[in-house]
Amino acid sequence: MVTVGAVLVLGAELYGLIELRPFVGRNFDEAWQEQIAGIEAAAMLGFLLCAAGVVAHAVRLPKR
């Protein structure tokens, strides 16, 4: 779960940096805002998957 979430976050952020390039002087039109919202949603889903994986791993640890 943690790996899947990390891959999702990494993929979303790399897409945002490579494809959209918001810092190179691109016009911030409505389509750009929609794409950024989609990237942020995918990254947040990835972070939630990572957190769920860490919690699931912690719950399954053996008791001492």
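Things worth noting here:
- Separation in nanometres of the label points that stand 7 Å from Cα toward Cβ, at Glu19 and Ile36: 1.6
- Along segment 42-49 the Karplus relation, 6.51 cos²θ - 1.76 cosθ + 1.60 evaluated at θ = phi - 60°, assigns HN-Hα couplings of 5, 5, 5, 4, x, 5, 5, 5 Hz to successive residues, with x for each Gly and Pro.
- The chain - Rg and Dmax from Cα coordinates, angstrom: 16.0, 58
- Listed residue (Ala6, Leu45, Ala58) projecting farthest to the positive dipole end of segment 2-59, Cβ model: Ala58
- Spacing of the two label points (7 Å from each Cα toward its C-beta) at Val59 and Phe47, in nm: 2.2
- Loop-exposed chymotrypsin sites (Phe, Trp or Tyr not before Pro) per DSSP, neighbour cap 10 Cβ within 10 angstrom, longest uninterrupted part of the chain: 29-64
- Proxy reagent accessibility, fewest Cβ within 10 Å first, across Leu17, Leu61: Leu61, Leu17
A short reminder: the numbers here are calculations on the coordinates, not readings from a lab. Fair warning: this is a prediction, and the values are worked out from it, not measured in the lab. All Cβ positions, even for glycine, are placed from backbone atoms using ideal geometry, and neighbour counts span all protein chains on display.
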